[in-house]
Amino acid sequence: MKRLVILISGRGSNMAALIDAVRAGEIDAAIGIVISNRPDAAGLATAATAGVATAVVDHRAFADRVEFERSLAAAIDAKAPDLVVLAGFMRILSPAFVARYAGRLLNIHPSLLPAYPGVQTHRRALADGVRIHGCTVHFVTSDVDCGPIVAQAAVTVQKDDDEARLAARVLAVEHRLLVGAVRWFCSDRLSIDGSPRAHPGRNRRPGGAAGAVGQGDELPAFLTVQPGNTRPKPVSSH
Ligand code: GRF
């Protein structure tokens, strides 16, 4: 059975999905601890109520990122995890920290990477008039939001979507996608194959592609294309 550590910064709904899946036996793992960098993260209470140990490593309590990450790594390593999951963890991690957990650090990001790395992904997707949006689970590398992709889930953008509506629809598939990817990892069906399929972009090194080992396995990729989406394409400015 694999040991998990989950890092959060806020609401913790992705974390809750993982806790539920572990409890239901869908993921063969034990959650050692949930760690938040924010003491006011709502997810801490959710985890505690579910009987999962919690800790706070408040980034504001440290002089610099090196000191913060040293304390964070100590809290993580105390549980000797096989996998560390960034489930809405909103701090950028240094290359040294990422290297420490190479191959055992997964992140859920609310866009179809390599589109919309960074923040405000739903707002930017709406502003661009895209028809398909979604989320990505990827291995974390030192280049933010561009490590090897494990799985993606897509939703259609509806003509009456606003940021909140779109975010809610993406979040629902995030929960399923993250549970699927972690289930893969915990049953040793996930590996980084090393092929040079990096995300294009500035100063990015090839990260390799992640894939599930084994044929005929179910893919945790939920493409939900609904017909009748007539949102007009915005007029191009160039
Ligand atoms: C999710 O949309 C996740 O993809 C992003 O931050 C949000 C966290 O939501 N990184 P929650 O804390 O899991 O509810």
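Scanning the stretch 16-75 for residues that are under 15 Å from Leu4 (Cα atoms) and basic (Lys, Arg) returns a single hit, Arg23. Listed by position, the strands (runs of 3 or more DSSP E) inside the stretch 1-80 whose residues that are modelled with pLDDT of 95 or more and open to solvent by less than 50 Å² (accessible area, probe 1.4 Å) number at least 2 are 2-8, 29-36.
Mind listing just one residue for me: the one in the stretch 82-102 that is surrounded by 20 or more Cβ atoms within 10 Å (Cβ to Cβ), among the aliphatic types (A, V, I, L, M) and assigned to a loop (DSSP other than H, G, I, E, B) and, of those, modelled with the highest pLDDT? If we take residues in the stretch 82-102 being surrounded by 20 or more Cβ atoms within 10 Å (Cβ to Cβ), among the aliphatic types (A, V, I, L, M) and assigned to a loop (DSSP other than H, G, I, E, B), then Ala87 is modelled with the highest pLDDT.
Here is a yes/no grid of residues against (1) surrounded by fewer than 16 Cβ atoms within 10 Å (Cβ to Cβ); (2) free of Cβ contacts under 8 Å to residues at least 60 places away in the same chain; (3) not aliphatic (A, V, I, L, M):
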position	(1), (2), (3)
Tyr116	no, yes, yes
Thr121	no, yes, yes
Phe139	no, no, yes
Ser142	no, yes, yes
Ala154	no, no, no
Asp160	yes, yes, yes
Arg165	yes, yes, yes
Glu174	no, no, yes
Val182	no, no, no
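The number of residues in the stretch 2-37 that are closer than 19 Å to Leu171 by Cβ and within 15 Å of the ligand (Cβ to nearest atom) comes to 18.
The values are calculated or read from the model by the stated rules, or taken from the named source; none is laboratory data. The structure displayed is predicted, hence computed values, not measured ones. Positions of Cβ are generated from backbone atoms using ideal geometry, with glycine treated the same way; all protein chains shown enter the neighbour counts. For accessibility, only protein heavy atoms count, side chains too; no ligands or nucleic acids. Shrake-Rupley method; radii C 1.70, N 1.55, O 1.52, S 1.80 Å.
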